[in-house]
Structures are given as C-alpha cells and as structure tokens.
Protein chains: 4
Amino acid sequence: MKYFNCDYNEGAYPPILKRMIETNLCQSIGYSEDEYCEEARNIIRSLCGAPDGAVHFLVGGTQANLTVISAALRSHQGVISASTGHINVHETGAIEATGHKVLSINTEDGLLTAEMVEKVCHDHFADEAFEHMVQPGMVYISSPSELGTIYTRKGLSDLRKVCDKYGLLLYLDGARLGYGMADRANDIDLPFLYNVCDVFYIGGTKQGALMGEAVVIRNEALKKDFRYMIKQRGGMFAKGRLLGIQFLELFRDGAYFKLAEHADRLADSIRKAFEDKGYRFLVESGTNQIFVIVPNNAVEKLNKKYVSSNNGPYDENHTVLRFCTSWATNPADVEELIEDIKAL
Amino acid sequence: MKYFNCDYNEGAYPPILKRMIETNLCQSIGYSEDEYCEEARNIIRSLCGAPDGAVHFLVGGTQANLTVISAALRSHQGVISASTGHINVHETGAIEATGHKVLSINTEDGLLTAEMVEKVCHDHFADEAFEHMVQPGMVYISSPSELGTIYTRKGLSDLRKVCDKYGLLLYLDGARLGYGMADRANDIDLPFLYNVCDVFYIGGTKQGALMGEAVVIRNEALKKDFRYMIKQRGGMFAKGRLLGIQFLELFRDGAYFKLAEHADRLADSIRKAFEDKGYRFLVESGTNQIFVIVPNNAVEKLNKKYVSSNNGPYDENHTVLRFCTSWATNPADVEELIEDIKAL
Amino acid sequence: MKYFNCDYNEGAYPPILKRMIETNLCQSIGYSEDEYCEEARNIIRSLCGAPDGAVHFLVGGTQANLTVISAALRSHQGVISASTGHINVHETGAIEATGHKVLSINTEDGLLTAEMVEKVCHDHFADEAFEHMVQPGMVYISSPSELGTIYTRKGLSDLRKVCDKYGLLLYLDGARLGYGMADRANDIDLPFLYNVCDVFYIGGTKQGALMGEAVVIRNEALKKDFRYMIKQRGGMFAKGRLLGIQFLELFRDGAYFKLAEHADRLADSIRKAFEDKGYRFLVESGTNQIFVIVPNNAVEKLNKKYVSSNNGPYDENHTVLRFCTSWATNPADVEELIEDIKAL
Amino acid sequence: MKYFNCDYNEGAYPPILKRMIETNLCQSIGYSEDEYCEEARNIIRSLCGAPDGAVHFLVGGTQANLTVISAALRSHQGVISASTGHINVHETGAIEATGHKVLSINTEDGLLTAEMVEKVCHDHFADEAFEHMVQPGMVYISSPSELGTIYTRKGLSDLRKVCDKYGLLLYLDGARLGYGMADRANDIDLPFLYNVCDVFYIGGTKQGALMGEAVVIRNEALKKDFRYMIKQRGGMFAKGRLLGIQFLELFRDGAYFKLAEHADRLADSIRKAFEDKGYRFLVESGTNQIFVIVPNNAVEKLNKKYVSSNNGPYDENHTVLRFCTSWATNPADVEELIEDIKAL
C-alpha cells in the first residue's frame, strides 16, 4: 500500500539523522540551553527579522497549543477558533483541561475572518450579562488550516486590527507552515507573520523533523516565564539539543522551504489529475492536503492501493477523501497515483 | 417599574424567614450535618420514593452544576448539552474551569432528543481518531430549559436508553423544576425523575428560597465522597442549617408546588394576552418564562413601565422579550400588564 | 450541651434578620448590583480609607480563597502559606483544584515572618533549576491565624517589603478579622490593612452574618474582571442583596467590632480560668480561640457538658482542646464554664 | 570539562540511531499503533510476565507522571510522595496543574515506608473533618529515588499492603529503573514490580534512549481510555514508531541492563575513591548517583575540571555534590576523576 493519509508517516529529513549521529556522544547541557538550540534560535530570529523574539522548542503540536494558550489566558478567558480548528476537534479537550473554553465559530473553509471575530467580541461586551460568559482572550488560527487553506496578508492584517480593538492575542498554529508558504497563492513571509501575530509556531513534525515545533513569541507579557509553563505542562525536553539540531538542519540552505515546495508541487499534480477527471473539491487549496469528493465506486478502487484519509460521506454517492503529500513523498508514487486516477 | 425580568428579584417565601428567626440562636452543628438538614433530606427522599438517594444542599446553580459534573467525569470526558444550556452560555466557563469540554448541540427549543445524543456518541466512537477527541461522559439537560420548555416522560425515557447504551450519566438541572412540574403539559413527577436520571437538582433560589439547590443522587459511584467535592469547589456552607430549614419550609404542605402553580398560572394569563394581541412566541411553553416576539414600537412602550429581559432582535422590526413570573409575583401587577398589552 | 467548638453555631446578629424581613418583597437587581450592596461597598471603602478599593461579597471563606488566589496567579505560580494555613489543610485541595501549589512553611504559631518568605524566594531564584520549580507568586496569611494568633503592624510591613522585593501579592484571609482587631494586643486598623495588602477579606460568617465575606482589593491588576472570576468559580450569588444587607447591618454603629469585643473578652476570662488552674496553652493568643493543654482526665469531665474541638494529643497525658467564643456566646454559659474549670 | 552532572548529557545508545536510519523512509501508522511499538510492547509484557499489562510510550518523565497521576485520581484525591519526590520538587507544579495536591512526607533517604503512609491515611480518616481535607488516593515512589536509594522487595510489599488497606494505587517512577536494578543490593525484578505496583514506568531518557518512557499498567480501571489521557495532556507522539524502536533496541539482548551495569560499576569505583579519601555521603546508595560531602576547598579543585551538580551546603565547611555516571560514561574519564580525587 502507498500512504497518502498524512504527512508524518516517515522519519526525518536525512541530514538531521546524520547530524544526530555525528554529535551523539558530545556532552551538552539539557533542556534546550545548549549551543545547538541557541544557534537554531538565532537562525529563526534572523529569518523572522525578530532580534527580540523568544523561541522555544516543543515536541508536538498539541503540547505547543496547550502550553501557549494556557500561558496567555487568564482563567475567565477563552480562545476563539474555527469549529474545525485542531484545538476544538482533535486534541481530546487539551485546552479545556487547562481550564479554558474554546469559543468555536463555524466557517466554510476553516479560516476565520475579522468580521467573525468582531461579531463574537461585540456580542460578548454588548450583553448585559457579559460577566456570566467566557471572555474572548485570544484568537487561534491555523495556516494552513485543517482544510489545507491559507490566510492572506490582508486576512491576517484585518484579524490583527480586531484583536487590537478588543485586547486579544493572535496565535497562529503553523504545524504545516512551510506547506502554506509554498502554496502558489501565498503572500506572507516570516517577518510579516512575526509582526502580525503575538505568537506562532513553525511546525517541524510534519515537515521533515522526527519531532519538534518552534514556538516564536513577540508578545512581551507572554515571553515572561514561558519556560516554567513548558516544564509544568510536561514539555521540557531533557535532551533539548535534539530539537535544536533538527531546526538547524531544516533551515540550513532553506531546506525547510524546498521540502515544502516538493510536497506542494506533487499535491498540485494530484489535484490536477482529480480535476481533469471532473472531481470537485471540498475547498479550494494549494497546499499539501487535497480534500476531494470521490464517487463511492472510485473510492473502493483507490482504497485497494492507496491509504488516504476518509473524511466521511459528502452525499449518498460521494465520499470526501483527504490525500496528503509530504517532504518525503516519492514522485514515482505520485505518478502511479495519477495514472490510476486517470483510469478510474 | 414592575420587574418581570427574572424569578429571583425578591427574598424568600415568608415562612422560611419566620423559621430562621425562631431558630436563630439555637446552636447546631455546621456543614449540613444538623437535624434540620437531615429532616429536609428525609422529606426529599420520601417525595422521590428514594430511600437510598443521597441529598446535598448547595447554595447556587452554577456551583451545583460544576460540582456535579466535575465529580462525575474522568478527565478526558465532556458533557453533552444543548447549545442554549446554562453551562454552555451563562456560567463563564465554569465547567471548562474544572477541565471538561461542553459538547454543545444546536436545538430548536432548548431540549435534547435521544437522536441528537445518539448521533454525537455514534460519530465519536465510529471515528478512527476517537482517542483524539473528547469522549462523551454525561448528558446535561435543564427542565424547564433556558427557553421555558419542558421534557416529557417519553423524552426522558429515550434519553435514559441512549445514556445506558453509551455508558453516559444523565443529569437534570432543575433550577426551575417546580415551574416545570406546574406546566399544564407536564407528565413527570419526582419518583420518575429520580429513577430516570443519575442525578438532578431541585431548585430553591428561583422558587422561594433565599438561596439553595438540593442535589439528589441515585448513581452509586457518584454518591461516593461527594461531600469532599462540595468542599473542594467552595460549596460547603458553614451554617448548613439555613439550607435545611429552607427546604423544610418549601416542602411543608406542598408549598413548593403551590408557589410554582401560582407563577405558571399568572404566566399563562400573560401569554394569553400576547396571543390575543396576535403576537407569536419564540417557542411554545407553559412554564413561568415567556419568550414573546414584540414589534419594536411596542417594546418601547412596555419598557416604560415593565422591566423584562431583552433577548435580542428577532428580525428588523421585532425583538424577543422574556417575561418571567415567580412565586412572588403580585397578581395585581399581572392584571395591569395584561391591560397594557391589550392597549398596545 | 454547651457549644464552644466553633464560632458559627448560631444564626445571625438579629438586626440582619430584621432588615431581611423588612425588605423581603422589595424587588431588586441580582448579582450584587443592587443599592444595598452598593451602600455596603461604600461603607467598607470608607472604613478602609480606600475610595478606589474594589469590594466583592462572597458566600464563604473557601470560595473567597480559591477565587482570589486563582484570579491572582499565573499558571506556574504557587502561593506561600503557613503549613497550618486554612488553604493548606482544610479546603480539600481547593487551591490545587484551580491548578496551583500551596508552598507551605512550618511555623511555631501559625504566622509567617518576612524572613521565612525571603528564604523561600531566595532559594527559588538562586536555584539553577528554578524553572523546574513552582514560582512563588503570592503570600497567603490569615489573621487571626488558625491558631488564634495575630499579625502586628511591624510583621505585616516587613512582609510587604519582601513581597515587593520579589513581586509577590500579599493576601490576608480575615475570616475572623474582627476577633483579631479586638485582641488587646492588636495594633492594626482597616486603612493600614488595606494599604499593606494587595487584597484581603473581612469575614462575616464567623462574626455575625448568616453567611458572607467581603473581599477588598487594592491591586489594580487583580481588580480587573474579578466578577467574571466569581461567576466562573460558582460564587456569584443570585440574590446578592442579602449579602449587602448583612454587611450594612454589621457595620451600622460599629456593631461588627462590638460583637468581636464581646467574644474576645469572654475568651479572655476563660483563658484566665485555665491559667489560674495552671494549664498551659499551645500558643499565646488574645482572640476568640483558646488552644489549651488539658490533662486527659479533665478532658473527660469537660466533655460531659461542653463541646469543644479536639486538636489531638499533646503528649501521653495531655490533649489540646480548642474553645471558641463568638458574637453569640452567652455570658452565663461562660460563667458556668469558668466555675467548672475551677472545679476540675 | 568532563560532565558528571547528570545522566542525559549524551544522545542515544548507538544501535538505536542505526535502526532509525535503516527504517527512516519506511511508512508507518502514527501514534504508536505501528508494528515496532507493538513488538516493543510485547517484549516489555514478556519481561514483566504480564500478558495483560498495558504498555504506553511517552516522551518524558514529567509527562508520564502528570498523565498517570491525573488519570488515576478523582478530583478530591491527592498523591502521597516523599518531600524529595520529583513530582513535589522539580516539575513546576505539574501535578497541581492537573488539580491534585501532592501530600508530601519528610524522609531521611527519599524512600517512603509503609508506616509513613499508614500514618497519613490513618490520620486522614480518623479526623472528624476528613471531608475538609484532601483524600489520599495514590502513593508515588521513585526507585531509584532522587537520592539514588532503592526500594527493597520487602519495602514494596509492605507499601502494597497499606495501599490495599486504604484503597490507594501504588505508582513507581522508574526514570532510572535500570540503574536501580543494577545496584548490588537490588532484590527486585520486573515481574515482581509489575505485580506489586498498579502502574510504573521504565525510564528510557536517562538510560540510553534519545527520549522515551514506557508506562506499564496492571490496574484495570487505569488501563481504560488511557490513550485519551495521553492525547489530552499533549503526550501523544505523532511518529510513535521512534519510541517503539528505541525500546526494541534497548531490550535487545538485555542491553538496557548491561548499560545500567556499566554506569553503576563506574559509580561504585568513584564512590570508593571518595570513601578512601574519608569523605562521607549524604545517603548510602549503590546506583549511578553519588551524593558526597566535600570540603569546600576540594569543591573548588574538582569544579575546575569536572561538572557535577551542586546540592547546596552541608555545613559551613562542606558542600554536597552529586556525581552521576550513565550508560555513556567513558571509563577513562572515571579513571582520571579517581586519580584527581586521590590527589585532593
């Protein structure tokens, strides 16, 4: 079987493992206070044009989300999210377990607009009984979203404005950030992202690392004591060096962006194959995730050879399948898939 | 101004105050271990036909909800609620503050059906990634609901079945339980309620007490150590006797039910006045809350003399107002309101 | 049996009940936004010389403690307390249930000194692995303490200094504040207390109210959004007027202080009787609690007529008993007790 | 500088990295549902003589502790621990952040005895106000302890009995379990450990893995839904295979035990060198940690060449230093250290 079900089926971008072996018996200080981490932090600060940015390495996305969000909110505050947001659906209530409600908003495409956030905040503060309701304290967005769609420069700037108006923090979950930046429609870069958000993370796990996410903080209040928060939530990695090394190698010579480019272009060609076949998509997107509406008899045929992710029935005769490419996807496998799509 | 905005504007059913004064300087043991509380617990057990039921007195509804729900759930579990449910809207995230997600379901009338709960549970366990999502652990319902509607015997029995199928606890918030039982359409009684639910509470605050809710527990596992939970959540009332006395007086000679009857019949007559005027209602109900759709110019006129609760615009030209009666509502005030409605 | 086991055996200072009855059917706004509460808040602000102080009424002490402490701390912070502190012993882990560690310090007399706090803070920040440990964020003190002892002006000023040095909030639990201020050794008043603490509460439950504690906040950051916190923790009292009325009556003509004086002077006379008998005390104190070391055969005799609180064995032959007086203690009962002590 | 400050300065036991590279581009299912993890779980079950044991792989020790403890306790329960226990000191309040109090007990050597636990439990349930205090729900022990000492078969059996008496779970933190089993005084093995505990974990991070701890559960109630708990706390590792591979390689041909043997024997020789010099130890131990009392002038000399862990002053003239060996310690470095100790 060929796996197109997700973007974390394989191990790591090979130079990462090479560097791990080279440094395996070097002794270094724990908990990400070593020189590899420091160098990786500097590279990320430099890429973001953010000499004052705080950078922390965490092992996984749920951990990053729960640590950032619980560190940022006071106890009576909640976090606004698209109802499809990872924190609202696929983290077993990790945010609620830290005491905070996810204030979910239904969207068409997994993306929040400034208008949606404005409405939630306006309605909250306009209500006589506002103190009886959870106060919005942060906006959580993911780009690419869980549907593979991305935010534009305009969309983010508008969100920033409404966040400023209501004193909200803006947090971007970049588990697949590279795949978003390699989307042909992308118009944002890291310095813009740094300046428009209070905090965001650059995903490693789904983009070539064994594991690891780099949380980048601009907000001064949130910077304070953040390492305590990491430790308290179980995210302080003993052999921190391993996280530093991975981001060092991912950002060496722009590898991170090239790996994402690889995945997105392969996704484009699969997308085109489905399109040529006349299939429609759940949403338009240009990243490494494809949500395609497939006739049920074609689903059966595809499932014999390819593992995709079943996102449930679209209607009586169609099913939504998600195909993912990744930094590790073999172009030959994609060629084969395209041929098989043509033959459906 | 005449207040019809809620059902807790006044103090207490006078015999309660009388008894408080009579017993004021009697010395008694604290924390509801006194003889008044014990007698009140016995009366409630008797009314419920529940010799083994555990009865606990708490000061308020949010406190009862957060104590019961957090005591019942394991950390990965959430509580299913109508999206209009008090715990989902008007408790400032009290449930989330104890670590649990509210799994909300949109409804027309504030009432959950067995089908709705079945769908949530089925979808959860049918999902491949079910362990990445909050597990349903309890169903929270309020009767009357926040929209004044009530559950039927059939509706509750069906909910019980789906709860049993999926191992969920069924919890009924009876902040206005008496008003529900005095609804002409009501077909449930306390023994039925005791047997169909795992736990419910009989509201005092909105039904003639200064404060106080009586939590009644049938579920054996939930009974265990419940007083620790009350204390931990700040709900252990030092002079517990005061809560016992109130329920003693409320249930003496069926006062609780008569007071509710008083409120509901007055509400019926207001409802009829609006109906005669041709006004429609947000939902059909027969309890002490009336959600009426009022032309905006009529709203202005009513507001000059009557305080009601503004539930937001219905459409461009209409607003939803909530009128509440209570155990303390003066019939003369209702007469006056009816005349004024006629004159609109 | 005569009860000397605690200071909440009786109901309320009679004028409170009188006023409740007078206002029973007046309609008022809920949730402490009524005129009675506003007047009571103004009186308290005036007594504290604190026009900008925020005053909130809560039902009980554990609720006050958990709401204040969880509102004040960030998630990685803990609260320093004497190991005998109410929050560390007798609140079923209410503070921990909001996510915060109690950093306990052993003391002789239930009182913290600036040196003790200095040591905890110094050791924390001097440790290489400080981020792996709970950061002190607040100092919790109770005056009178759980042992009946009180803080002096000097002791509190010194605590303030160490709190300022390390950025800690200072919180005083005044469940028995009046009894402390009526101690002959007392040298503090409310304006001093307001200025030396960030937040404190004036206890009502143990000092003549049916229930109720008045939380007084000076710290600006803590004032913000405090009502949300109250609601979230289940402490927003629907018929808030009842709390306002109680504090109005307690502070009318200085009743609060006179009631405390009554209790403390009666305690003094009991204390003297034990002293004359040659009995020693666990700690020296001048408030309404007496911790006396009683020979076991005398314990038996006392227990036949008087309910006191057994605080465990002192040594093989002696037991520590706690005798409490209160605002409601009958002087004739005290006379009788003194005679019986003499006769032991 | 030579590092003897901890046991996680280096990377991984080389065969682990070799296997990672070999399998790097194999596609596998995520979240530890792959074949490598399954094989590793089977090996662990087999080593424990526990065909029904549940085995879960987590990334780190704090994460393991907070997940296990919060999964096991009801909200009003706390966990008993030595005051030196990792959960009580060095996890930034991770346990409290999940809502539970650590009930700490002072010990001489970091080890709990059945008598100590008996006293805490007896005192709790004998207290009249027991519901006002945190109920003991679990006993947490670490073996080796944070002081390098180990539990005996007798000590654990006695703890089991007191746990059974009071309905407590027994949880052993085995971050350095191998080093404990390689202690010459050790008399326990894995099957015994499995049967005496409800749950324990086999540490990887400090014993040759890049990261990873294997939680082994015998208690049926705790097994249920444990993967939800892992996910909720941020511990569900996407590329789970990496954890499986590491334990596979660690347990291949008993490598885990040999690596620990290596560390402990080197520690023995360092210990002997200090002993020959007349230095005393904070506690007697035979594992890879040495807590030696060093004259301050000798500390200075050692610090020029060796990084150890400073555990604070012993008295005016002495300091406690911790020297750690590990699976990766170079025997030549130990030789050099021994020579330098002789020369002090």
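Taken together, the values in this text are just the output of simple stated rules run on the coordinates, not laboratory data. What you see is a predicted model; the values in this text were computed from it and never measured. We place every Cβ from the backbone using ideal geometry, glycine too, and count neighbours over all the protein chains shown.
Observations
- What separates the D:PRO313 label point from its copies, with the point 7 Å along Cα to Cβ, is 3.9, 7.3, 7.7 nm, written shortest first.
- Efficiency of FRET from Cβ geometry, C:THR23 and D:ALA332, R₀ 60 Å, rounded to 0.05: 0.10
- With neighbour counts taken as other beta-carbon atoms within 10 Å, the residues B:CYS121, A:CYS37 rank, fewest first, as B:CYS121, A:CYS37.
- When region C:14-254 is described by a simple charge dipole with +1 on each Lys and Arg Cβ and -1 on each Asp and Glu Cβ, the residue from C:PRO191, C:SER32, C:VAL215 located farthest towards its positive end is C:SER32.
- Order of D:VAL162, D:VAL299 - criterion: other Cβ atoms within 10 Å of each residue's Cβ, fewest first: D:VAL299, D:VAL162
- Copies compared at B:ASP189 - label distances in nm, ascending, label defined 7 Å from Cα in the Cβ direction: 6.5, 6.7, 7.8
- Mean separation of Cα pairs under 8 Å and 6 or more residues apart, divided by the residue count, gives region B:52-101 a relative contact order of 40 percent.
- Shielding by other protein chains, C:220-228, mean Cβ within 10 Å: 3
- With contacts taken as Cα pairs under 8 Å at a separation of at least 6 residues, chain B carries a relative contact order of 24 percent.
- Within the shell defined by Cβ-Cβ distances under 14 Å, the residues around B:ILE44 carry a net charge of -2, with Lys and Arg each +1 and Asp and Glu each -1.
- Highest mobility in the GNM of chain D, judged by mean-square fluctuation with C-alpha springs under 10 Å and restricted to D:GLY30, D:GLY244, D:GLY178, is found for D:GLY30.
- Footprinting exposure proxy for C:LYS301, D:LYS272 (fewest neighbouring C-beta atoms within 10 Å first): D:LYS272, C:LYS301
- Of the GluC sites (Glu not before Pro) found in region C:82-135, the ones in coil according to DSSP and having at most 15 other Cβ atoms within 10 Å of their Cβ are C:GLU108, C:GLU128.
- Each Lys and Arg adds +1 at its Cβ and each Asp and Glu adds -1 at its Cβ; summed about the Cα centre, chain C shows a dipole of about 600 debye.
- The GluC sites (Glu not before Pro) of region A:309-339 meeting both criteria, a DSSP state outside H, G, I, E and B (loop) and at most 12 other C-beta atoms within 10 angstrom of the site's C-beta, are A:GLU316.
- Of A:ALA221, A:ALA182, A:ALA71, the one that fluctuates the most in a GNM where chain A has Cα springs shorter than 10 Å: A:ALA221
- Cross-link table A:LYS101/C:LYS101; B:LYS272/B:LYS305; C:LYS161/C:LYS258; A:LYS239/D:LYS18, entries beyond 29 Å C-alpha to C-alpha: C:LYS161/C:LYS258
- Of all the options C:ASN24, C:ASN106, C:ASN65, the one that moves most in a Gaussian network model of chain C with Cα springs shorter than 10 angstrom is C:ASN24.
- Virtual paramagnetic centre 7 Å along Cα→Cβ of C:PHE257, amide N under 15 Å, in region C:180-221: C:180-194
- Residues C:SER157 and B:GLU220, FRET efficiency given R0 of 56 Å [Cβ-Cβ distance, rounded to 0.05]: 0.55
- Size of electric dipole in the protein assembly as shown: Cβ of Lys, Arg +1 and of Asp, Glu -1, about Cα centre, debye, nearest 20: 0
- When +1 charges are put on Lys and Arg Cβ atoms and -1 charges on Asp and Glu Cβ atoms, the dipole computed for region B:17-139 relative to its Cα centre reaches about 320 debye.
- Our summary gives region D:185-344 a relative contact order of 19 percent, counting only alpha carbon pairs under 8 angstrom and 6 or more residues apart.
- Between this copy and the others, label points of D:GLU128 are 4.7, 5.1, 6.2 nm apart in ascending order, each placed 7 angstrom from Cα in the Cβ direction.
- One Cα centroid belongs to region A:53-83, the other to region C:80-142; the line between them spans 27 Å.
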